[in-house]
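Chemist: This is the structure, below, for whatever I ask next.
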Amino acid sequence: MFKTTVDYDKCIGDEECVNACPAEVYDFDEEAKHPIVARQEDCLGCETCVEVCTVGAITVEEV
Ligand code: SF4
């Protein structure tokens with residue numbers, strides 16, 4: 001099981017993580033203009049989202 005955290009103070013809402021995640025863990029909140037972790041239970045722990053995030057806003061940890 002993995003815990004995915006988005007630091008909204010850093011996030012610029014470019015949706016890179018939403019588009020890159022192979023497990024569709026993220027949805028994009030159009031009002032707030034940032035991703036939300038909608039399906040945490042589907043996370044594979046691959047850290048693709050961490051790699052594509054241009055501002056280092058995402059952390060993934062095993063829990
Ligand atoms: S670690 Fe991989 S599966 Fe999990 S949210 Fe990030 S891109 Fe998606």
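Read the figures in this text as sums done on the coordinates, not as results from a lab. Keep in mind it's a predicted model, so treat the numbers as computed, not measured. For neighbour counting, all protein chains shown are included, and Cβ atoms are generated from backbone atoms with ideal geometry for every residue, glycine included.
Chemist: Given H placed 1.01 Å from N in the peptide plane, which residues other than close sequence neighbours of Tyr8 have an amide H under 5 Å from its amide H?
Modeler: none
Chemist: Any chance you could get the radius of gyration and Dmax over the Cα atoms of the chain, in Å?
Modeler: 10.4, 30
Chemist: Tell me which residues come under 5 Å, amide H to amide H, from Ala38 once H is placed; ignore anything under 5 positions away on its chain.
Modeler: Amide H neighbours of Ala38, under 5 Å, 5+ apart: Tyr26, Asp27.
Chemist: Add -39500 (n - 2.57) for each DSSP H run of 4 or more in the chain, then divide by its residues: what number comes out at 222 nm, to the nearest 500 deg cm²/dmol? Don't jump to the answer; show the numbers that get you there.
Modeler: Values: 2 runs with 10 residues, N = 63.
So the calculated ellipticity at 222 nm is -3000 deg cm²/dmol.
Chemist: Hey, another quick one. Using the Karplus curve 6.51 cos²θ - 1.76 cosθ + 1.60 with θ = phi - 60°, what ³J(HN,Hα) values do you get for each residue of the stretch 50-62, in whole Hz, with x for Gly and Pro?
Modeler: Those phi angles translate into 5, 5, 7, 5, 7, 10, x, 8, 10, 10, 10, 10, 7 Hz.
Chemist: On to the next question. Would you tally the net charge around Ala23, using a Cβ to Cβ cut-off of less than 13 Å, leaving Ala23 out, and scoring K and R as +1, D and E as -1?
Modeler: Its environment carries a net charge of -4.
Chemist: With θ set to phi - 60° and the Karplus curve 6.51 cos²θ - 1.76 cosθ + 1.60, what are the ³J(HN,Hα) couplings of the stretch 14-30 in order, to the nearest whole Hz, using x for Gly and Pro?
Modeler: 8, 6, 4, 5, 4, 6, 8, 4, x, 10, 6, 6, 9, 10, 10, 7, 5
Chemist: Here's something else I'd like to know. Which ³J(HN,Hα) values, rounded to whole Hz and listed in residue order, are derived for the stretch 39-46 from phi using the Karplus coefficients 6.51, -1.76 and 1.60 in 6.51 cos²θ - 1.76 cosθ + 1.60 with θ = phi - 60°, glycine and proline given as x?
Modeler: Result, rounded to whole Hz: 9, 3, 5, 8, 4, 8, x, 6.
Chemist: OK, next. Could you list the residues of the stretch 1-23 with an amide nitrogen less than 16 Å from a label point located 7 Å from the Cα of Glu51 in the Cα-to-C-beta direction?
Modeler: 16-23
Chemist: Report, by chain and number, residues whose modeled amide H sits under 5 Å from the one on Phe2, excluding near sequence neighbours (fewer than 5 apart, same chain).
Modeler: Val63
Chemist: Please list 50-63, 10-23 highest first by mean number of surrounding beta-carbon atoms within 10 Å per residue.
Modeler: Details: 50-63: 14.0, 10-23: 15.9.
Peptide ranking by packing, descending: 10-23, 50-63.
Chemist: Pairs of Cα atoms under 8 Å, at least six residues apart: use those to get the relative contact order of the chain, whole percent. Could the numbers behind the result be given before it?
Modeler: Working: 110 pairs, mean separation 29.4, N = 63.
Relative CO of the chain lands at 47 percent.
Chemist: Further, regarding this structure: So if R0 is 30 Å, what FRET efficiency would Glu61 and Ala32 give, r being the distance between their Cβ atoms, rounded to the nearest 0.05?
Modeler: Numbers: r = 23 Å, r/R0 = 0.78.
The formula returns an efficiency of 0.80 here.
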